[in-house]
Each structure stands twice: as structure tokens, then as C-alpha cells.
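Notes follow the structure.
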Amino acid sequence: NVSCTLLDRSNDKVWLRLEVKDTGIGMTPEQPAKLFQAFTQADPSTPRKYGGTGLGLTISRRIVKLMQGDMGVSSSANQGSNFFIELVLPLQESQDQSHHQLLMEQLRGVRILAVDDNVSTREMLKETLRSYDMDAHTCHSAEQALQLV
């Protein structure tokens, strides 16, 4: 469940809060403090059970902090978690479509190979890249990518 809330707005900026509610396994009170550390997961057995390295949240938080925002989580064991991002973003008066059109022309027909071990992510990547009229192909591993290249 994803929600976006407009917290404040001025003439040239908006303050947004994006929130994702996860109804999964949740975390104990001690685990969220460790969650955003590189190569650390709240429960060390999680990668074996659910996949992942624990790096995604670390990278995401660093990006959000570089954008002068905040990212965090509240959670209860066996009740799920609420992840949030708060950002102040500049408002653009009008959008110039010429750059978008130029980019679309430059991407049309470009051959690309996307590698991801997750089937749904791979399909999403393929469809997104094809929506830009790119010659998109996907595979599930570096070994398969090397064979295709």
C-alpha cells in the first residue's frame, strides 16, 4: 500500500511524504536501527528466506539524504512496517517537452541488455525499455549476459 501526502507547498517548492506500508513479518524495536547500515539486514536469515543483500535501503537513504530529505521506518514484529521518504522538491513553472522528444529520438532503436535475477523486475525493465522504442533484451545472470553479448 503506497501513499503520497503533500505536507506543504510554497510558490517554488513542495514538501512530500511518500509512505509504503508492508504487511510482512515486521521487526522488533531493535532491528530498524540496523536496517539502513550497509550489508546489514534486521534478521541475518532474511536473505536466505526472502532474497536480497540489504543494500537497497542503504543506497536509497543516502540518495534521499543527498537530496536534503529524510527516510525511515516504523515497525512492529509480526505486524508489518511503514517505510517513509520526505522530500522538499522544486516546482517547475512549465515543462519543456523538447528535451524529452530529443531523448526519445536518441533512445529509439538502441540495443540494450538488462540483467536481473528477479523475473518480475526483469519483465518490468524490458517493458519500460521497450516503451522508449529501445531494442531491449533481458537475462537472469552475468553468465547468461556474457553468452548473449
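The numbers here are math on the coordinates, done by the rules we state, and not lab data. Worth saying up front: this structure is predicted, and the values here are computed from it rather than measured. Cβ coordinates were reconstructed from backbone atoms using ideal geometry, including for glycine residues, and neighbour counts include every protein chain displayed.
Quick notes
- Of interest is the spacing of the C-alpha centroids, which for the range 78-123 and the range 56-73 amounts to 17 Å.
- Dipole magnitude (debye, nearest 20) for the chain, charges at Cβ of Lys, Arg, Asp, Glu: 320 debye
- Model label sites at A145 and Q37, defined 7 Å from Cα along the beta-carbon direction, differ in position by 3.0 nm.
- Dipole moment magnitude, nearest 20 debye, the range 58-145 about Cα centre, only Lys, Arg, Asp, Glu C-beta charged: 220 debye
- The range 101-147, Cα convex hull volume normalised per residue, Å³: 59 Å³
- Calculated P(r) of the chain - Cα pairs past 26 Å, %: 49 percent
- A simple rule links phi to the HN-Hα coupling: the Karplus curve 6.51 cos²θ - 1.76 cosθ + 1.60 with θ = phi - 60°, which for the range 133-142 gives 6, 8, 8, 9, 10, 10, 8, 9, 7, 5 Hz, with x for Gly and Pro.
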